[in-house]
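The values are calculated or read from the model by the stated rules, or taken from the named source; none is laboratory data. Everything quoted here is computed from the prediction, not taken from an experiment. Here the Cβ positions follow ideal geometry from the backbone for every residue, glycine too, while neighbour counts run over all protein chains shown.
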Amino acid sequence: MFDIQLFGRVEVRTRGVLLAGPDFGGDHPRRLLALLALRGEMSTSELAGLLGEKKKSVESDMSVLRDHLEPGTAPRDSVVRRRDGRWSLDPDRVRIDVARFDELITAALGRPAERRVKPLTAASFVACRPLLEEEDLPWATEARDAYRTKLEHVTQVN
């Protein structure tokens with residue numbers, strides 16, 4: 001299982017190993033991982049556009065990312081999948097803190113005000129650091145603002 005953290009700095013925990021910073025093979029592979037974890041399935045063109053890269057660079061960086069996440073694993077067996085020209089993470093092999101945050105916010109919204117405390121407390125704990133705090137690209141800033149707004153909105157709903 002790959003536990004992917006996007007709140008704070010991007011980190012992955014797997015098989016007793018922590019990957020962070022340069023462990024992904026550079027900024028571009030780390031950002032590709034963050035985008036897939038945050039947005040789900042994306043095309044090479046979409047990724048290239050968000051990162052200001054060429055398609056060939058994205059494909060090369062994906063190869064680097066795969067090698068750093070699972071050294072010696074064949075692409076067909078990797079947690080980073082490519083199907084029909086679209087990239088994604090294997091949902092059966094990843095847990096992402098952003099998804100957990102969203103689940104907790106949804107649970108809070110479905111409860112009366114007096115019963116929101118537990119899921120909101122848990123969501124606040126998951127999001128105790130800013131989303132993608134080390135990223136300054138527009139897509140990361142937009143995501144950070146969106147998640148901050150989600151938490152603020154649910155705490156203000158009566």
> List, please: which pairs have Cβ atoms under 7 Å, are six or more places apart or on different chains, and start with a residue in the range 32-55 that is under 17 Å from Arg83 (Cα atoms) and end with one that is surrounded by fewer than 22 Cβ atoms within 10 Å (Cβ to Cβ) and among the polar types (S, T, N, Q)?
Replying inline: Leu36/Ser88; Gly40/Ser88; Glu41/Ser88; Lys55/Thr44; Lys55/Ser45
>> Tell me whether the range 74-81 contains one or more residues that are outside the structural domain of Trp139 (by TED's automatic domain parsing), loosely packed, with under 14 Cβ neighbours inside 10 Å and within 30 Å of Ser124 (Cβ to Cβ).
In response: no
>> Checking Ala107 against (1) assigned to a strand (DSSP E or B); (2) modelled with pLDDT under 95, only one condition comes out false. Which one?
In response: (1)
> Applying the selection to the range 24-42, what residues are touching an Asp or Glu at 6+ places or on another chain (Cβ under 9 Å) and farther than 17 Å from Glu133 by Cβ?
Replying inline: Gly25, Gly26, His28, Pro29, Leu32, Arg39
> Out of all the residues in the range 98-114, which are surrounded by 12 or more Cβ atoms within 10 Å (Cβ to Cβ), small (Gly, Ala, Ser) and without any contact (Cβ under 8 Å) to a residue 40 or more places away in the chain?
Replying inline: Ala99, Ala107
> What number of residues within the range 92-104 are assigned to a strand (DSSP E or B) and either modelled with pLDDT under 95 or hydroxyl-bearing (Ser, Thr, Tyr) (or both)?
Replying inline: 0
> How do the pairs read when you match residues in the range 129-158 that are more than 18 Å from Leu32 (Cβ to Cβ) with residues anywhere that are exposed (fewer than 13 other Cβ atoms within 10 Å of the Cβ) and at pLDDT below 95, using Cβ under 7 Å and keeping only pairs 6 or more apart or on different chains?
Replying inline: Asn158/Ala113
> What tally of residues in the range 100-114 results from selecting those that are within 24 Å of the chain's Cα centre (by Cα), more than 15 Å from Arg13 (Cβ to Cβ) and either not assigned by TED's automatic domain parsing to the domain that holds Leu131 or not hydroxyl-bearing (Ser, Thr, Tyr) (or both)?
Replying inline: 8
> Do we find that Arg95 is surrounded by 19 or more Cβ atoms within 10 Å (Cβ to Cβ), of a type in the set (Lys, Arg) and touching a residue at least 40 places away in the same chain (Cβ under 8 Å) in this structure?
Replying inline: no
> For the range 34-45, does any single residue satisfy the condition of being of a type in the set (D, E, K, R), farther than 25 Å from Ala127 by Cβ and surrounded by 14 or more Cβ atoms within 10 Å (Cβ to Cβ)?
Replying inline: no
> Which one is farthest from the chain's Cα centre (by Cα), of the residues in the range 115-158 that are of a type in the set (D, E, K, R), assigned to a helix (DSSP H, G or I) and surrounded by 14 or more Cβ atoms within 10 Å (Cβ to Cβ)?
Replying inline: Lys150
